[in-house]
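These notes are about the structure you will find just below.
The values are calculated or read from the model by the stated rules, or taken from the named source; none is laboratory data. Source: prediction; values computed, not measured. As a convention, Cβ positions derive from the backbone with ideal geometry for all residues, glycine included, and neighbour counts pool all protein chains shown.
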Amino acid sequence: MRVFISHSIQDKDEYLLTLLSSELRSKGFSITLSDFMYPISSFTKININKSQLFIGIVTSDGFDLTRVLKERIHAETAGLPCILLVEDSIKQINPNIDGIIFNRYNPHDAIHQINQTLTNLQKTKAESNTWAWVLGGLALVALLNTLSDDD
């Protein structure tokens with residue numbers, strides 16, 4: 001399975017991508033990252049279209065929220081399950097955005113929300129998109145647990 005990761009984080013937080021990528025690889029995913037082009041490059045669109053899951057990560061001091069949201073829209077249009085992880089201190093994000101809000105110092109609510117979604121998905125028919133979300137969600141729970149332990 002392929003996962004496309006789009007992110008808006010500072011260099012000091014890039015270890016999060018390493019941790020998430022490692023966890024996803026252990027679950028059988030191959031990883032493609034955004035190429036940071038705006039507007040979205042055709043190369044990025046092709047990589048999103050080839051993926052089975054889109055994960056977007058936006059932190060408060062990230063540098064390109066708009067690109068991540070545009071890439072997510074493209075992924076949704078392509079029919080991919082999408083997980084958007086949004087740090088709670090972001091001021092410019094629309095509260096109607098369907099994402100998982102997290103606090104880096106207390107990510108337990110976000111972990112609970114992911115786990116609840118996973119439980120609901122596991123009760124449904126075992127489709128490839130469902131399993132992509134389940135495995136990606138488990139990787140995000142591991143990432144949030146690590147983030148909580150580091151801070």
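Looking only at the range 9-35, count every residue that is surrounded by 16 or more Cβ atoms within 10 Å (Cβ to Cβ) and more than 14 Å from the chain's Cα centre (by Cα) and tell me the total.
Result for the range 9-35: 2.
Take the residues of the range 110-129 that are out of contact with any Gly (no Cβ under 9 Å at 6 or more places or on another chain) and modelled with pLDDT of 70 or more: which is surrounded by the most Cβ atoms within 10 Å (Cβ to Cβ)? I'd like the intermediate steps shown before the answer.
Going residue by residue through the range 110-129, those that are out of contact with any Gly (no Cβ under 9 Å at 6 or more places or on another chain) are 110-113, 116, 119-120, 122-128.
Still in the running and modelled with pLDDT of 70 or more: 110-113, 116, 119.
Details: 110: 24, 111: 20, 112: 11, 113: 15, 116: 11, 119: 10.
Top of the filtered list is 110.
Which one of the conditions (1) crowded, with 17+ Cβ neighbours inside 10 Å; (2) in contact (Cβ under 8 Å) with a residue 40 or more places away in the chain; (3) of a type in the set (S, T, N, Q); (4) more than 15 Å from residue 136 (Cα to Cα) does residue 52 fail to meet, given that it meets all the rest?
(4) is the only condition that residue 52 fails.
Output the residues belonging to the range 49-66 that are of a type outside the set (Ser, Thr, Tyr) and within 22 Å of residue 19 (Cβ to Cβ).
Correct list: 52, 53, 54, 55, 56, 57, 58, 61, 62, 63, 64, 65.
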